[in-house]
1. Test Glu36 against the stated conditions and say whether it is modelled with pLDDT under 90 and either out of contact with any helix residue (DSSP H, G or I) (no Cβ under 8 Å at 6 or more places or on another chain) or loosely packed, with under 13 Cβ neighbours inside 10 Å (or both).
2. Filter the stretch 75-118 down to residues that are basic (Lys, Arg), farther than 16 Å from Leu44 by Cα and in contact (Cβ under 8 Å) with a residue 24 or more places away in the chain and give me whichever is least open to solvent (accessible area, probe 1.4 Å).
3. List, please: which pairs have Cβ atoms under 8 Å, are six or more places apart or on different chains, and start with a residue in the stretch 147-160 that is modelled with pLDDT of 85 or more and end with one that is not in a helix (DSSP H, G or I)?
4. If we scan the stretch 75-95, do we find a residue that is hydroxyl-bearing (Ser, Thr, Tyr) and touching a helix residue (DSSP H, G or I) at 6+ places or on another chain (Cβ under 7 Å)?
Amino acid sequence: LTITTPDNTAIQTSGEQLTEADNAVIDMWLDESKSEKKYRRELLAFFDFANCGITDATFQNLKDYKNYLGVSVANGQIKQSTANHKLTIIRGLFSKAKAAGYTQFNVSEFLRLPEATAAPMVDKVITCDQMAVVLAAAAQMGARQHLFFRLAYYTGARVSEITGLTWGQVNIGAT
């Protein structure tokens, strides 16, 4: 795995500093993750940066990595939300390591994440006129698509919530 630093230097990551027990804890934690490859890559990047394993990591290592990511944010290489996600992955591992009894302390417990600036809400919400265009286009695609978009629009349900619906969850007579 190659990581590019804020000054565009390529660093090969290896995870060599991790012990067999470190890898077992990571594997145990990743068993519960849907994004195993990405999480493993982020963890290896941190441990290579800090040049330590799970039990050797310190709060200072985490602060240094947070600052390193901050430089990447300042240089426009990543967004603050991406940096926060990377730090959240690392915090999740340390939390699991403590819960499993692998470490005595969660060194990431007091690491605070910077605020990520969200896009203004006006950029996230479509107008009624825009929704009418969407519904008209969906109606042209077929009854199923039209129903899907109408259901999402009128209920505020997410795609996963709509696609996960079963007939037993539908009450036609409800208002």
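1. No; evaluated as a whole, the condition is false for this residue.
2. Applying the filter and picking the extreme gives Lys96.
3. Leu151/Ala157; Ala152/Arg158
4. Checked against the condition, which is being hydroxyl-bearing (Ser, Thr, Tyr) and touching a helix residue (DSSP H, G or I) at 6+ places or on another chain (Cβ under 7 Å), the stretch 75-95 yields no hits at all.
The values are calculated or read from the model by the stated rules, or taken from the named source; none is laboratory data. Nothing here was measured: the structure is a model prediction, and the numbers come from that model. We place every Cβ from the backbone using ideal geometry, glycine too, and count neighbours over all the protein chains shown. All accessible areas refer to the heavy atoms of the entire protein, side chains included, with ligands and DNA or RNA removed. Shrake-Rupley method; radii C 1.70, N 1.55, O 1.52, S 1.80 Å.
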